[in-house]
Each structure stands twice: as structure tokens, then as C-alpha cells.
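What follows is one structure encoded as C-alpha cells, with my remarks underneath.
What follows is calculated from the coordinates using simple rules that are stated; it is not laboratory data. On a predicted model such as this, the values are computed, not experimentally measured, just so you know. Note that each Cβ is placed from the backbone with ideal geometry, even for glycine, and that neighbours are counted across all protein chains shown.
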2 protein chains.
Amino acid sequence: MELLKQKILKEGTTVGPEILKVDSFLNHQIDIRLMQEIGKEFHRRFKDHKITKILTIEASGISIASIAAIYFDVPVVFAKKVQSKNLDAETYKSSVYSFTKEAYYDVKVSKRYLSSDDHILILDDFLANGRAALGLIEILDQAGATLEGVGAVIEKGFQEGGQILRDMNIHLESLAIVNRFEDGKITFIEQNQTR
Amino acid sequence: MELLKQKILKEGTTVGPEILKVDSFLNHQIDIRLMQEIGKEFHRRFKDHKITKILTIEASGISIASIAAIYFDVPVVFAKKVQSKNLDAETYKSSVYSFTKEAYYDVKVSKRYLSSDDHILILDDFLANGRAALGLIEILDQAGATLEGVGAVIEKGFQEGGQILRDMNIHLESLAIVNRFEDGKITFIEQNQTR
């Protein structure tokens, strides 16, 4: 997605060879016009699937999923990372390791909001090692729901998540795939090279 | 907002006299059509203000702020609750007590995304004791930004947050104001009774 790549080149900053900061437009401050174009693009890429709900994970995925859901005209469910008093006791859950936070955390979805009738599109901001996506897929399996695809705004092409999902024959769409950052330089892998 | 009140009556459930669960449409599963009507309503109520950014707090506020921001055509900034490797070192911050989680947590916004030029609308799902809103207002003060108003989807009329903000002469708009739940029954306070 050219508009996204230009935005990453213009505003993204790198920390070392593996961290890309895009918090000026994607996951702290949010460029809502860009987010609408991202939502349209996900819809264009997944429109041949029958999708009943979009599933994401708090917190950064919520904006992406919510605006994309306008174009799909479906509800969003966001998986919760922290036990809260207000979460149902009956949940599907999986345990996910975060390399960013260097800790495991539980991901939970109330059993009331996923069922075997659901056809799910998973959306998130980043796809790196794939742990969050695999955790959500485990939750879908528990619910008996059908996974229709996974969409990531930015895939780190040098980490294993993309390859794992493609090897599982999952329809994965990443709107920008970045290479490892050499000397702080951001470069992209074309999607047709990876599928 | 009548559509919202009907939805609360239809799908909201109460736990004791003070907890209202609306996770079927507002803060776990999200009814995106309703969220668009909520966004339009906030825009209608605040359209006479010059607003440059919408500020909210992760996680439940992100969907509301993001979809409302489409109608205001401004960016969103969401305050973060947890220290992350990817958050700037230079942040505005405040400490907020959560009655739901029974703990204090730090709320942080990168100094790059709020400035004295900003005119801010704060949006969130619930207004109860007002601690989260007051924490965000403290952050605005640190940034020298101007607070234009606060919008809550649901205000708990029996808790002090609404009164505190109105006493500060803040333009507060709550789309539904609920009374304390007697015998599990949900009733509303009309807004013109509170202002």
C-alpha cells in the first residue's frame, strides 16, 4: 500500500535493527484519514471472504479494526490482555509471549462473542514473531469459529510470524513488509515476493 | 441519545447497584453502526468548538475516539496505561486510581503529540468517579493545551465525576446518564436536569 509506505518512510523511526516506531500515526497518535484508507484497503483485499466479525487485540489494534469494520459492516471484538472485574468469567483464553514487554500475558475473549457460526478476520498493527496472531487463532479454535484471514498493517519481514502464517495456508495480507533496518534505513519487501 | 438508551436497556446488564455491563456493544464487542451514530452525535454536540485532536485513554476509549474523529476530521491520541519499550522517554504523565481494578496506574502521553497549540476534546466510554478524565486534564495542563470539552458515552449519574467536571465549567456531554441500579433496573437521568 503505497500511501502507507510513504508515511512510514516519512515519519517512521528505527531503534536498532529491529524496532520501528510509528507512533506518530499508527499506535499512539492515530492519523484517522490514513486509517480510513487502511480500512478500505483491507476490505479490498478480503472482500471475497464471508466475514461476520473482526477480531483484534487491545490496545493498538482497536482503532484499525474499528475503522476497517465500517467498510466490512460487521462488529469488532477485541481480546483483552488483563483480567478485569467486568469481564465475563466464561472466556476463551490463550497465553502469549510479548517480546516487546518481555513477559507472558493472557489473552481473553468472552464466550458470548465468538461462536462456531463466526467467520473471523484478524487485524492488528504489527505482525512480527506472530505470537499475538497465533494466540487469537487458538481462541478461534476454542470457539469453533472459522478463520478467514489475517491482516497486518506492518509486517516485519525479517521475523518469523509471516512465514508461520503463510505455511499454515492462512490468507495473510500485510499492507507494508519491512526489511531489517541496516544503518536505520527502512526498505520494503514486495508482497508478491513472499507469497 | 435515544438509540443508545434503547441499546443499554436491551443489552446492558447490571451487577449490584453500581456496575453496568455493556460489553456486548461498547467495550469488548463493539457495534460499529452504533459507534458511528455515537461519533456523529458527539460531533453534533461539540461542532461549535475548534478541536484539533481527540484525546482518549486505552483501551475502551480508542474505538469511540477513532470513529468520532472521522466526523471531526482530526487525529486521535490515546494515553497509554503501561510503560512500553516503544513509548518515548519524554512523556506527560499523571497517576490515576481505578476503582474497577483497585489500583493506581500511570497514564502517559508522549510530549510530541500534545502542544500548547492543541484544542482537545476528551472522549471515553464511561464517566464514573471522573479520575481518568481528571488525569487526562492534568496531562493537557502539563502540555499547555486547551481543553474544549469532555464527552462520555455513559455517565454514572450517581458517582461524582459528572458533578466535578460541571463544577469546573467544563463543557461535558454524556450521551446517556444512568441512575443507581435498584433491583437491577436501569433508568436514565435527562441531561437538562443536570446542567
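Side notes on the structure shown:
- Remark: label point of residue B:88 defined 7 Å out from Cα along the Cα-Cβ vector; separations to the same position in other copies 4.1 nm, ascending.
- Across the copies of the chain, residue A:40 has label points (7 Å from Cα along Cα→Cβ) spaced 2.0 nm apart, shortest distance listed first.
- Label point of residue A:90 set 7 angstrom out along Cα-Cβ; within the stretch A:131-156, amide nitrogens under 19 Å from it belong to A:139-146.
- Nearest-ten-degree value, helix B:2-11 long axis tilted from longest Cα axis of chain B: 70
- Exposure proxy ranking, count of Cβ atoms within 10 Å, fewest first, for B:42, B:99, A:188: B:99, A:188, B:42
- Considering only the protein assembly as shown, percent of DSSP beta bridges that pair antiparallel, nearest 5: 45
- The stretch B:131-195 and the stretch A:7-25: distance between their alpha carbon centers, rounded to Å: 36
- Among A:47, A:81, A:101: highest mean-square fluctuation, GNM of chain A, C-alpha pairs under 10 Å: A:101
- Nearest 10 degrees, 0 to 90: helix A:61-72 Cα axis against chain A principal axis: 80
- Charge context of residue A:92, other residues only, Cβ under 10 angstrom, K/R +1, D/E -1: 0
- The charge dipole of the stretch A:2-193, taken about the Cα centre with unit charges on the Cβ atoms of Lys, Arg (+1) and Asp, Glu (-1), comes to about 320 debye, rounded to the nearest 20.
- Sorted by Cβ neighbour density within 10 Å, fewest at the top, the residues B:141, B:125: B:141, B:125
- Packing-based exposure ordering (other Cβ within 10 Å, fewest first) of B:82, A:77: B:82, A:77
- Between 0 and 90 degrees, the angle of helix A:131-143 with respect to the longest Cα principal axis of chain A falls at about 20 degrees.
- By the Kirkwood approach, averaging reciprocal distances over each pair of separate Cα atoms, chain A gets a hydrodynamic radius of 16.9 Å.
- Label geometry 7 Å along the beta-carbon vector: residue B:188 inter-copy distances in nm: 4.6
- Here the stretch A:2-193 carries DSSP beta bridges of which approximately 40% are antiparallel, counting only pairs with both residues inside.
- Rg/Rg_ref, the stretch B:1-88, where Rg_ref = 2.2 N^0.38 Å and atoms are Cα: 1.23
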